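This report refers to the structure that appears directly beneath it.
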Amino acid sequence: MIGGLSSFSVRFLKEVFIPPYEVEQIRKHMIELGMKTLPIVGVTGFIIGLVIAMQLSPVLKRFGAEAFLPGSVGISIVRELGPVICALIFAGRVSSGIGAELGSMRVTEQIDAMEVSGVNPFRYLVVTRIFATTFILPILTVYVIFISLIGAYIAVVLVQNMTWAYYLDRVIFAVEFGDAIPGVTKTFVFGFIVGLVGCYKGYTTENGTEGVGKASTSAVVVSSLLILIFDMVLVKLSLWIWPVVK
Amino acid sequence: MVEVTKLHKSFNGNVVLDGVSFVVEEAENMVVFGRSGTGKSVLLKCMIRLMEPESGDIKINGKDVLHLGLKELNHLRKDIGFLFQGAALYDSMSVRENLEFPLIRNFELDRKEIDERVHFVLEAVSLLEAIDKMPSELSGGMKKRIGLARSIITKPKLMFYDEPTTGLDPITSKEISVLIIDLQHQLQMTSIVVTHDLLCAKIIADRAIVLEDGKIVKEGNINDLVTSNDPFLKNFFSDEIIENNGSKI
């Protein structure tokens with residue numbers, strides 16, 4: 001599978017620069033995938049922000065560091081929780097959908113029909129989807145980070161008497177350029193993984209409807225696993241580029 | 001028009017096509033018969049390079065199909081129509097969008113001409129009222145008709161039909177067969193039809209070949225094949241099951 005995914009991504013990189021560019025399809029997929037995921041990542045982000053603030057509050061109090069609560073929550077959300085939680089939910093929602101959709105098109109010969117009509121199905125179906133997932137996930141991540149910070153604020157208000165303006169000021173003070181940029185930048189890689197795995201599993205589906213089910217399930221499993229593995233590598237890389245301790 | 005020479009194709013060591021050779025002349029309708037799993041659909045898919053055969057030659061209009069680059073192959077494919085077994089309509093597109101898709105992608109036509117062609121093919125298959133429907137709203141027969149309309153909208157010179165009447169009731173099967181032959185006369189196309197349906201073959205075929213164990217075992221006029229004394233053909237075309245010793249079950 002690693003070989004298949006590698007050659008699939010090489011083919012993507014070859015085809016993505018060749019015209020005609022399917023701008024309309026990319027726009028359509030970005031809107032569809034973004035709108036489809038927006039509510040679920042919003043709710044999840046809100047709850048994660050709320051819970052992380054509730055968990056951190058007593059711990060920081062134990063060390064007499066309650067004043068650092070907004071900053072700690074902000075850094076946790078911006079650096080790690082926002083991007084990874086958003087990517088994992090996106091993988092569950094989108095990768096399986098793409099796998100099932102392309103898999104169904106494969107077993108019902110729709111991809112063959114496209115090829116026979118002189119259209120490059122890889123460029124029309126795969127390149128557009130991978131492009132869309134790569135660029136919509138960072139946008140969703142920024143949205144999730146914002147919603148999580150609102151969730152965290154509500155938890156902070158419950159334990160400390162703090163205004164929104166002061167809370168935001170503390171978060172902005174704590175979160176640096178070196179926290180925000182790698183956090184959001186790595187989601188381009190996560191988005192690419194989600195699109196790539198979903199398309200690969202769907203495009204190479206075999207064995208009829210049973211194969212479609214397998215493609216959909218394994219798309220989620222593989223893309224989630226790859227997101228976590230790449231997160232590990234990218235965190236190490238970002239700490240090397242933007243060290244936290246000065 | 002079409003010349004296939006010594007075509008070989010196998011899957012995991014299982015030989016499906018074993019040196020298949022035949023010629024189809026211009027404006028001729030040839031039917032390919034054979035039991036399930038004898039490689040009829042594989043033959044069609046190899047001819048249009050949806051599958052790659054291991055060896056052999058395929059020439060369409062003098063062009064060596066197996067050695068064409070992707071650009072030349074796609075150019076050739078514009079002159080070929082393919083009706084898939086399940087019609088293969090794009091689920092996410094309406095009937096109109098399905099029909100427009102190959103035109104918008106491959107031809108520089110203005111809006112008026114695209115609309116004219118869409119209306120022409122829908123009238124030809126008697127489904128003009130389905131123009132704004134989604135494939136999920138169509139019956140099996142309607143899907144086949146729309147699939148046929150989509151495959152002829154580019155005015156191809158060569159048509160491949162993969163089991164055009166499979167899964168349809170006898171009346172709809174007959175209607176589809178008559179429609180195919182009418183369109184063939186109207187558009188002067190060459191056709192290769194893979195089917196099990198004897199009635200469909202009788203309506204469409206100028207000539208037929210029979211595949212068995214990856215080889216062409218018989219070739220000729222459809223009536224000659226049907227009335228042949230060959231045990232395999234008798235068994236194939238008879239309503240009764242005939243055992244190897246000639247006794248009927």
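The values are calculated or read from the model by the stated rules, or taken from the named source; none is laboratory data. Bear in mind that the values here come from a model prediction, so they are computed numbers and not experimental data. Here the Cβ positions follow ideal geometry from the backbone for every residue, glycine too, while neighbour counts run over all protein chains shown. Protein only, heavy atoms only, side chains kept; ligands, DNA and RNA dropped before computing areas. Shrake-Rupley method; radii C 1.70, N 1.55, O 1.52, S 1.80 Å.
Answer yes if at least one residue in the range B:62-71 is under 30 Å from B:Asn223 (Cβ atoms) and not acidic (Asp, Glu), and no otherwise. Let's see the steps before the verdict.
Taking the range B:62-71 as the starting set, the residues that turn out to be under 30 Å from B:Asn223 (Cβ atoms) are none.
No, the range B:62-71 has no match at all.
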Candidates A:Leu158, A:Leu228 - the one that is over 28 Å from A:Ile111 (Cα atoms) and modelled with pLDDT of 95 or more: A:Leu228
Residue identified as of a type outside the set (Ser, Thr, Tyr), loosely packed, with under 15 Cβ neighbours inside 10 Å and under 20 Å from the mean Cα position of the chain (by Cα) among A:Val23, A:Val59, A:Val10, A:Val43: A:Val43
All positions within the range A:133-157 that are closer than 11 Å to A:Gly82 by Cβ and open to solvent by 70 Å² or more (accessible area, probe 1.4 Å): A:Val142, A:Tyr143, A:Phe146
All positions within the range B:75-84 that are at pLDDT below 90 and either buried (at least 17 other Cβ atoms within 10 Å of the Cβ) or facing chain A (nearest Cβ under 7 Å) (or both): B:Lys78
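Yes/no matrix, rows are residues, columns are (1) modelled with pLDDT under 90; (2) more than 9 Å from chain A (Cβ to nearest Cβ); (3) surrounded by fewer than 17 Cβ atoms within 10 Å (Cβ to Cβ); (4) farther than 23 Å from B:Ile152 by Cβ:
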position	(1), (2), (3), (4)
B:Ser36	yes, yes, yes, yes
B:Lys45	no, no, no, no
B:Ile48	no, no, no, no
B:Ile58	no, yes, no, no
B:Leu70	yes, no, yes, yes
B:Gly86	yes, no, no, no
B:Ser92	no, no, yes, no
B:Glu97	no, yes, yes, no
Subset of the range A:83-122 that is open to solvent by 20 Å² or more (accessible area, probe 1.4 Å) and under 12 Å from A:Phe190 (Cα atoms) - its residue that is farthest from the other protein chains (Cβ to nearest Cβ): A:Ile85
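Can you pull out the strands (runs of 3 or more DSSP E) entirely within the range B:144-240 that have at least 2 residues that are open to solvent by less than 70 Å² (accessible area, probe 1.4 Å) and in contact (Cβ under 8 Å) with a residue 24 or more places away in the chain?
Because the criterion is at least 2 residues that are open to solvent by less than 70 Å² (accessible area, probe 1.4 Å) and in contact (Cβ under 8 Å) with a residue 24 or more places away in the chain, the strands (runs of 3 or more DSSP E) in the range B:144-240 that meet it are B:158-162, B:190-194, B:207-212.
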Within the range A:46-56, tally of residues that are in contact (Cβ under 8 Å) with a residue 24 or more places away in the chain and surrounded by fewer than 21 Cβ atoms within 10 Å (Cβ to Cβ): 6
Test: A:Asp179 is without any contact (Cβ under 8 Å) to a residue 24 or more places away in the chain, more than 19 Å from A:Glu22 (Cβ to Cβ) and open to solvent by less than 50 Å² (accessible area, probe 1.4 Å): no
When residues of the range B:99-126 are limited to those that are open to solvent by 10 Å² or more (accessible area, probe 1.4 Å) and not in a helix (DSSP H, G or I), the one nearest to B:Asn61 (Cα to Cα): B:Phe107
